[in-house]
Amino acid sequence: MDSTARRTAAYLVVATVVAIAALLEAGYGGPGAALSPVTVLAALLTGVSVALGRWFPLVGVVLLNATMVASQLISSSGLPMVGGAQLIACVLLVGNAAYLLPRVPALVAYGVSAVVPPLCLVIEGESVWEFVFFALILAPAWAVGVLLRREQLRSAELAALAAELHAEREKQAEVAVAEERTRISRELHDAVAHTVSVMTLQVGVVRRRQEPGSVEEETLLRAEGLGRQAVDELRRIVGIVRQGESATLAPVPSLDLLPGLVEEVRRTGAVIELQTSGDASTVPRAVAISAYRVAQEGLTNALRHAPGAPVVVRVDVRPGEVRVTVDNAAPDRHAEAPVGDPAHGGHGLAGLRERVSVLGGDLVAGPTPDGGHRLAATLPTAVPASVPTAAPTAGAVPR
């Protein structure tokens, strides 16, 4: 049996007890007491009033008081119009109304019950102090009902708040996991994919210097193909875990490491020019990391999509912003195109846009009038408060 059924059963039991008490009081309540159709009906209506309080608290109060008034009007003198059973019923119904109803209807129930029964008694000849008696005896019942209602409402609010907090914690946990996976995929693409791509291109340079058809040339060709396959597999894995930041012992990317990056790519045979202006030491760490990643992504895309084309990397540190531009000319049609599908999309530009947008900057990527391609990012040096700028601890890589 659930709580609703148990509560209904309790009301019915109490109503039955009150009705029986009213019948006994009407038949054996003292001199002049006698069972009659009026007293039996009044006793039954008293029990029904208590039962109705389960679903209609104010209706139960009104029915009980109406029963007292009707009995007063049609009964002969000497019969107990307002006996102990009715008084008990009044106390129960007033407390019940205060528990189940808002403040104003509960006060109405209290006022009616504090006026109608003593009025019946005063009409029968009792003292006017009956009004004081009923007002005082019903007040504790009303107060207890109000307090119980208040506690119930507070308990419901606390339960709702706890459920909301639990849902919010679950949501925050999901968001945290998604952000962590995004950082992991971003670093995988920016660091690992770039390194493997450069290694593959260096193998290609060595391969082209071997005699066609030689064992060395075939071995390097297979190694070059495996390297590009590894990059494609990495991109597929990044697509699966696309939503991250892994630990690494490599140096933290910054503008100070940009010349080393350019020199590393030059070893593939690419023609790269690096142009810098301004004081890079004044750039906040978070901005410097993102600027390095922009240059790294631009170089990687130029090597893959425009083999043999000269590349110009410009880093301009201005007051309030850093502008990074990677321009490559039109691809050399005589240069060997990358093995596989060079247009296979990864998450490099998507990751860059996320980085730049977090810092409040702009990223533009697209073709140039001479048939080349440009990747340009403008990063404000005023880093938002939500972006960490302190040096990372061991086992963490800043975004």
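The values are calculated or read from the model by the stated rules, or taken from the named source; none is laboratory data. Bear in mind that the values here come from a model prediction, so they are computed numbers and not experimental data. Using ideal geometry, Cβ is built from the backbone for each residue, glycine included, and neighbour counts are taken over all protein chains shown.
List of remarks:
- Candidate set: region 183-209, residues that are among the hydroxyl-bearing types (Ser, Thr, Tyr) and at pLDDT 75 or above; chosen: the one farthest from residue 303 (Cα to Cα): 195
- Contact annotation: residue pairs with Cβ atoms under 8 Å, 6 or more positions apart or on different chains, pairing a residue in region 33-60 that is under 13 Å from residue 89 (Cβ atoms) with a partner that is surrounded by fewer than 19 Cβ atoms within 10 Å (Cβ to Cβ) and polar (S, T, N, Q), are 47/16.
- Residues considered: 161, 121, 147, 201. Of these, the only one that is more than 36 Å from the chain's Cα centre (by Cα) and more than 30 Å from residue 223 (Cβ to Cβ) is 121.
- Close contacts from region 112-126, counting a first residue that is farther than 17 Å from residue 62 by Cβ and a second that is not aromatic (Phe, Trp, Tyr), with Cβ to Cβ under 7 Å and a gap of 6+ residues or different chains, come to 121/82; 121/130; 122/128; 122/130; 123/72; 124/81.
- Here 73, 24, 79, 64 are screened, and the one residue that is modelled with pLDDT of 85 or more and either surrounded by 14 or more Cβ atoms within 10 Å (Cβ to Cβ) or assigned to a helix (DSSP H, G or I) (or both) is 64.
- Test: residue in region 370-383 that is surrounded by fewer than 15 Cβ atoms within 10 Å (Cβ to Cβ), at pLDDT below 80, of a type outside the set (Lys, Arg) and under 27 Å from residue 234 (Cβ atoms): no
- Some residue of region 127-138 being under 37 Å from the mean Cα position of the chain (by Cα) and either under 22 Å from residue 42 (Cα atoms) or surrounded by 11 or more Cβ atoms within 10 Å (Cβ to Cβ) (or both): no
- A count restricted to region 269-295 and to residues that are among the polar types (S, T, N, Q), out of contact with any Lys or Arg (no Cβ under 7 Å at 6 or more places or on another chain) and modelled with pLDDT of 90 or more stands at 2.
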